[in-house]
There are 2 protein chains.
Amino acid sequence: MPTYKAPVDDTVFLLNDVFDYARYANAPGFAEAPIDVVEAVLTEGAKFVEEVVQPLNRTGDKEGCKRHDDGSVTTPKGFKEAYKALVEGGWVGLAGDPKYGGQGLPHFLAALFSEYEISANLAFAMYPGLTNGAVAAILAHASEELKDRYLPKMTTGEWTGTMNLTEPHCGTDLGLIKTKAVPQADGSYAITGQKIFISAGEHDLADNIIHLVLARIEGAPAGVKGISLFLVPKFLPDADGAPGERNAVVCGALEHKMGIHANATAVLNYDGAKGWLVGEEHRGLPAMFVMMNGARLGVAIQGLSISEVAYQNAAAYAKDRRQGRSLKGPAEPDKPADPLLVHPDIRRMLLEIRAFNEGARALLVAVALAQEESLTSPDPKARQAADDRLGLMTPVMKGVFTDMGFANAVKAQQVFGGHGYIAEWGMEQFVRDARIAMIYEGANGVQALDLVGRKLPKDGGRAMMAFFAEAQQFLAANKDDAALAPYLAPVQTALGHMQQATGWLMKNGLADPNNAGAASTDFMHLFGLTALGYMWARIAKAVLARQAKGDSNPALDAKLTLAKFFGERMLPETGAHLARLSSGAATVMALPADAF
Amino acid sequence: MPTYKAPVDDTVFLLNDVFDYARYANAPGFAEAPIDVVEAVLTEGAKFVEEVVQPLNRTGDKEGCKRHDDGSVTTPKGFKEAYKALVEGGWVGLAGDPKYGGQGLPHFLAALFSEYEISANLAFAMYPGLTNGAVAAILAHASEELKDRYLPKMTTGEWTGTMNLTEPHCGTDLGLIKTKAVPQADGSYAITGQKIFISAGEHDLADNIIHLVLARIEGAPAGVKGISLFLVPKFLPDADGAPGERNAVVCGALEHKMGIHANATAVLNYDGAKGWLVGEEHRGLPAMFVMMNGARLGVAIQGLSISEVAYQNAAAYAKDRRQGRSLKGPAEPDKPADPLLVHPDIRRMLLEIRAFNEGARALLVAVALAQEESLTSPDPKARQAADDRLGLMTPVMKGVFTDMGFANAVKAQQVFGGHGYIAEWGMEQFVRDARIAMIYEGANGVQALDLVGRKLPKDGGRAMMAFFAEAQQFLAANKDDAALAPYLAPVQTALGHMQQATGWLMKNGLADPNNAGAASTDFMHLFGLTALGYMWARIAKAVLARQAKGDSNPALDAKLTLAKFFGERMLPETGAHLARLSSGAATVMALPADAF
């Protein structure tokens, strides 16, 4: 059975040493959470997910969710109790609006806590994760009446939320949505249609489930400009706000999936269900995107989370399992064999995973802090810069963290040899669970296209230029630091590749949009590696600063090795990405359809 | 439900046009199989696996194997009938020795057929695959008495075979084996111990199962030099050779695995089971390696097979499913959306898979022909050269084909979006099934170490130098062919990287074996890509030759695009491999164990 220990020390190191958390001491949004509060919350949260949530991960996978003939769904044993404890501990509403019963702590703290929660149990963490996404969309776009009716229960997690986009014939292409909304005399709408792949769509964890549903009002324009967003509760609240009459939305089936078995992925059939418009008519997509963008960052975290827990278990196994001898002769001659960890290729796999994890956690902290600033900074310029950064990095992190997170789960499984393929060890579950993150909330190819097609050219490339400027300034400001130099050189090279790639895209993507499309995934990964390399440069600087003060420890010292490893073994890929994307679209588009 | 059509035309093109099959017209071994016979056999085999074996793939995964309280195991519905038809059609004994009831066709033909069989149903194909491996080991090492008793039933597949290496505490490190063999008065041995992960270890497909078991004779030297190989039948043949008394080997459990659910992965408990020595005492490992080497090539084919069937289904989906619009404006404006295939990133994924598949099939044909020559050529030098090539390429193909095959199954799944994650579509099964090929028959890290530690330095590097010489000669001989030039340039670059890497290894691997270990996986992949690139150069030449004769068709023309794509998009990775491996072992080995 896999184990998990949340990396609270690493998160706090990043906040304090790398991102100078103290600078926010008097900033709105952050004021409620000085570093000792942050650390205390993360420590408590770590304890909760380690003790209550993680033990349900394997059993939840094995048991799965069960749909009954009446359309009700039972979650695996223990989920109901754990979810109740999560709600009662205030963890769902950690960053919720106090007006609606939330804890009022900063959003970045909820994001950092969610890394741990997902490592402990992805399928479980999706229930509160989707609820928080729905809360954000309602807060941003719904009427005060809807907010007052639904947010008090949803903010705390007593009621959960879902997002309903996909239909059998369309996922990515939401313009094809057919679900209908017919205006009723009382101001509500009657919603009819079928939605599929609805995570947490039906379950027994909460007294009510609030669906946010994309549908087309009768007579609406065709395509995405005729889509509206509706709030459709499973139970219509009565006069006291308690769940009353059952609404006409039922779970028709649960999908049989590769993983996340403990999260109910529902087919939902709406048959004239009562719903209320959220935001304006035909403006459903922008409203849903509030939820989607948050969800994309949440999915990025899933990549990191599974990579982290997979690493921890693979490292433990490599230290414990004895097989073969060191290539330099027996390391422990009195034992029948040496631990796996003596083998360079085993170390290579573990270091690849870990160098990603700690770099990705740094990028997560940086972007979560930017998100907070984008919401709370009193300075409009700072808000804009932070929002630019968030918008730019969201597709990169979603695509790169989930691709690498999955690849890392596969590597961690490989460390276990044959045992990695056996369910009882839990490693193959990490692989199956991690796989969905590359697909949902916009498949990674869609993220790559969002990056090159929207985020990169937006506002004349302002967000991208700001990233380049920041990284270049860091490298320039530290160029005379001899101790830091070995960590900076490969980042400078990567940044050069990144700039060449951006130049190539600007020139050739305009000339032929297929050039941008054919380059998109390589560009996204080139960007991701460069951004992680930049994080490692900053981490190395922070570690050297601590060491210079004589304030060191083994975990810190290890980071210098990891920074070096990242430069030596992971950044060389940027050259290959540049070469590939520069080859353009001609060959990619050459074959006629019937040659495939 | 996935579909599959065996690529017979491609196999025949490779034999005829790329590898000049006609040159073997009078060669022993090949004489029985002129190209029209080869094509007829492959066509019939294709029909059989498409119609009989492939339809059982999804259902077999869903149903899995069931162990009953008495230790017996039932395979999924339809497997028994399909296996009977396979035996009766002579497919198990295709290349079997006619003396024992085999068809006497060349081994390479059986290997090329097995690609189709595995594409149709990996879990099913493992039953005959392991049987043929056991037959090869018995043929090479057992006494005439054992051969006469077992091979007639095993060659045809009426009885199946297994290989028993792994024990709970050891897989890769066979020196740790504890299973005991105690000599008996009648010349047999009493075998006692537990073996795990035994594929096809217990089932209802055949009247008898013949286990080849590694065990330690009482008093044997410690380590791998004290291990012997034993033949242990499930039922002891009676005087007429029919299955008689039940032997003391029982299936204690079936493993719960990530995939290949329809193959019974058994825990086998030996409790004084009667067995007979195969080969010499304490020389069990070399005897088992006959089986292992064949099995490694078989596993390499698994990587190609799943990649091929995954491609076929992803390409069909990309042509059928409509989602979004071409970046250049609607390609089919009268339809609500364009097919997925208009999107460059979808094409990129499909082309990556296909460029691997057709290049890998070429390498398979080349190596399967070399294997045939190594067995049958009258010229000792030709036999040696062919054996060198086979030995060198076996770990490369096992490691690279299975890593890329798995990655390709993941890409093909990605083309399906959310539907790729749902069991009914069958794509997630390909991913789960493909995953085992990276692990069993020596995890891919072990293959990489076999390559750099044994195969590369063997005989003063003769095999490697022969590969370089052949590839360089091809490039030199064709350097003035302007039409071919664009296909050769990237291969020349890759070959240069490969030569640099080999030089680096020779220098630094000797100085510190950890340098070789830390370089091994990158070197293996660098070699694999270079070898595939060389195959694409040869394919391109063959296609141009056909086109020059006015003898062209769309499938042939597509190969030029694929060759170009391979050079533009896949070979750039060789530079990254070279950079990574040249960074050496220092950083990889730097951290103490407790820092992991």
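The values are calculated or read from the model by the stated rules, or taken from the named source; none is laboratory data. Not measured: the values here are computed from a predicted model. Neighbour counts are summed over all protein chains in view; Cβ atoms, including those assigned to glycine, are modelled from backbone coordinates with ideal geometry. Just so you know, the surface numbers come from the protein's heavy atoms only, side chains and all, with ligands and any DNA or RNA stripped out. Shrake-Rupley method; radii C 1.70, N 1.55, O 1.52, S 1.80 Å.
Observations on the model:
- Condition check for residue A:262: assigned to a strand (DSSP E or B) and more than 14 Å from every other protein chain (Cβ to nearest Cβ): no
- None of B:284, B:294, B:329 is open to solvent by 20 Å² or more (accessible area, probe 1.4 Å), within 29 Å of the chain's Cα centre (by Cα) and not polar (S, T, N, Q) except B:294.
Every residue, every condition in (1) open to solvent by 30 Å² or more (accessible area, probe 1.4 Å); (2) within 11 Å of chain A (Cβ to nearest Cβ); (3) assigned to a helix (DSSP H, G or I); (4) under 17 Å from residue B:356 (Cβ atoms), yes or no:
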| position | (1), (2), (3), (4) |
| --- | --- |
| B:450 | no, no, yes, no |
| B:467 | no, no, yes, no |
| B:495 | no, no, yes, no |
| B:504 | yes, no, yes, no |
| B:519 | no, yes, yes, no |
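- So residue A:434, is it more than 8 Å from chain B (Cβ to nearest Cβ), under 13 Å from residue A:303 (Cα atoms) and either buried (at least 24 other Cβ atoms within 10 Å of the Cβ) or within 17 Å of the chain's Cα centre (by Cα) (or both): yes
- Residue that is least open to solvent (accessible area, probe 1.4 Å), among those in the stretch A:538-560 that are facing chain B (nearest Cβ under 8 Å) and within 27 Å of the chain's Cα centre (by Cα): A:558
- Residues satisfying the stated conditions in the stretch B:300-324, i.e. within 13 Å of another protein chain (Cβ to nearest Cβ) and open to solvent by less than 10 Å² (accessible area, probe 1.4 Å): B:314, B:315, B:318
- Looking across the stretch A:51-85, the residues that are open to solvent by less than 100 Å² (accessible area, probe 1.4 Å), over 11 Å from residue A:204 (Cα atoms) and part of a helix (DSSP H, G or I) come down to A:52, A:53, A:56, A:57, A:58, A:59, A:60, A:61, A:63, A:82, A:85.
- Residues (open to solvent by less than 50 Å² (accessible area, probe 1.4 Å) and of a type in the set (A, V, I, L, M, F, W, C)) located in the stretch A:133-158: A:134, A:135, A:136, A:137, A:138, A:142, A:146, A:151, A:154
- Residue A:415 passes every criterion in (1) touching a Leu at 6+ places or on another chain (Cβ under 8 Å); (2) buried (at least 24 other Cβ atoms within 10 Å of the Cβ); (3) more than 13 Å from every other protein chain (Cβ to nearest Cβ) apart from (3).
- Meets criteria (more than 9 Å from chain A (Cβ to nearest Cβ), under 24 Å from residue A:449 (Cβ atoms), within 28 Å of the chain's Cα centre (by Cα) and at pLDDT 95 or above) for residue B:352: yes
- If you go through the stretch A:380-389 and keep only what is in contact (Cβ under 8 Å) with a residue 24 or more places away in the chain and not small (Gly, Ala, Ser), you end up with A:388, A:389.
- Checking residue A:73 against (1) out of contact with any Cys (no Cβ under 8 Å at 6 or more places or on another chain); (2) farther than 30 Å from residue A:562 by Cα, the condition it does not meet: (1)
- Every pair of residues 6+ apart whose Cβ atoms lie under 7 Å, when the first sits in the stretch A:40-56 and is in the same structural domain as residue A:110 (by TED's automatic domain parsing) while the second is open to solvent by 50 Å² or more (accessible area, probe 1.4 Å) and not in a helix (DSSP H, G or I): A:50/A:5
- Number of residues in the stretch B:159-189 that are surrounded by fewer than 19 Cβ atoms within 10 Å (Cβ to Cβ) and more than 14 Å from every other protein chain (Cβ to nearest Cβ): the value is 7.
- Any hit, the stretch B:109-126, residues being open to solvent by 10 Å² or more (accessible area, probe 1.4 Å), part of a helix (DSSP H, G or I), β-branched (Val, Ile, Thr) and farther than 19 Å from residue B:2 by Cβ: no
- Options B:327, B:390; residue that is out of contact with any strand residue (DSSP E or B) (no Cβ under 6 Å at 6 or more places or on another chain) and more than 13 Å from chain A (Cβ to nearest Cβ): B:390
- Restricting attention to the stretch A:12-42, the residues that are more than 22 Å from residue A:539 (Cβ to Cβ), surrounded by 14 or more Cβ atoms within 10 Å (Cβ to Cβ) and among the β-branched types (Val, Ile, Thr) add up to 1.
- The stretch A:241-262, residues that are open to solvent by less than 50 Å² (accessible area, probe 1.4 Å), within 23 Å of residue A:208 (Cβ to Cβ) and aliphatic (A, V, I, L, M): A:242, A:248, A:249, A:253, A:254, A:260, A:262
- Filter result for residue B:252 (within 14 Å of chain A (Cβ to nearest Cβ) and within 30 Å of residue A:427 (Cβ to Cβ)): no
- Within the stretch B:103-123, tally of residues that are under 10 Å from residue B:368 (Cβ atoms) and free of Cβ contacts under 8 Å to residues at least 60 places away in the same chain: 1
- Residue tally, condition more than 12 Å from residue A:403 (Cα to Cα) and more than 10 Å from chain B (Cβ to nearest Cβ), over the stretch A:437-448: 1
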